[in-house]
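The values are calculated or read from the model by the stated rules, or taken from the named source; none is laboratory data. Keep in mind that what you see is a predicted model, and the values were worked out from it rather than measured. For neighbour counting, all protein chains shown are included, and Cβ atoms are generated from backbone atoms with ideal geometry for every residue, glycine included.
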Amino acid sequence: MLRMSLTGIPARLFSRLLKKMGFVRENKNRGYFCNIITVGKRADKIMSEKMLFLDPAFTMEQLARESGTNRTYISIYVRSEKGCSFREYIGRYRIAYAYELISSGRVNTLADAAMLSGFGCVRSFKSSYRAIYGTSPMEHIKSRRRSA
């Protein structure tokens with residue numbers, strides 16, 4: 001079966017293309033070593049540890065600066081490895097954080113959950129939450145209250 005990358009290009013061809021463009025370099029000890037994956041893992045670690053996603057104005061440029069790279073590498077990593085746009089990538093971190101806030105009982109309103117998790121407005125929080133978990137955040141709050 002032919003494995004496709006997210007760009008619709010067969011994965012092997014996409015890999016070769018990345019090598020030719022300089023995003024992948026050869027390392028004598030490990031064969032081919034992908035700079036993008038290394039940078040991406042560093043970015044994921046920084047996102048988890050520093051919780052940069054809590055800033056509603058957080059940008060790809062800020063993550064690139066924190067990761068010691070450029071926005072092109074971050075963009076390629078998020079698109080190819082995470083399968084989403086940068087906005088969705090940040091939204092996933094925010095929603096996971098909001099889920100923890102609601103589950104732990106630290107918030108009781110949608111506005112609190114949205115603002116504390118880095119969303120600029122409740123409307124985008126609600127739609128992102130529903131897209132990921134399949135239920136509204138209010139249903140989660142109500143079920144937590146019933147079980148408490």
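Within the range 55-65, how many residues turn out to be assigned to a helix (DSSP H, G or I) and crowded, with 16+ Cβ neighbours inside 10 Å? Write out each step before concluding.
Of the residues in the range 55-65, the ones assigned to a helix (DSSP H, G or I) are 60-65.
With the extra rule that they be crowded, with 16+ Cβ neighbours inside 10 Å, the set shrinks to 60, 63-64.
Looking only at that region, the number is 3.
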Number of the exception - Glu81 against (1) modelled with pLDDT under 95; (2) buried (at least 19 other Cβ atoms within 10 Å of the Cβ) = (2)
Failed condition for Ala57, given (1) of a type in the set (Gly, Ala, Ser); (2) closer than 25 Å to Thr135 by Cα; (3) not assigned by TED's automatic domain parsing to the domain that holds Pro137, with all others met?
-> (2)
Within the range 96-110, is even one residue touching a Lys or Arg at 6+ places or on another chain (Cβ under 8 Å), part of a helix (DSSP H, G or I) and more than 18 Å from Lys142 (Cα to Cα)?
-> no
Within the range 66-95, count every residue that is under 23 Å from Ala113 (Cβ atoms) and assigned to a loop (DSSP other than H, G, I, E, B).
-> 2
For the range 25-54, which residues satisfy the criterion of being exposed (fewer than 11 other Cβ atoms within 10 Å of the Cβ) and at pLDDT 55 or above?
-> Glu49
Is the range 2-23 home to any residue that is touching a Leu at 6+ places or on another chain (Cβ under 7 Å), at pLDDT below 95 and crowded, with 16+ Cβ neighbours inside 10 Å?
-> no
Residues (more than 15 Å from Arg92 (Cβ to Cβ), in contact with a Pro (Cβ under 7 Å, 6 or more places away or on another chain) and not in a helix (DSSP H, G or I)) located in the range 111-131 = Gly120
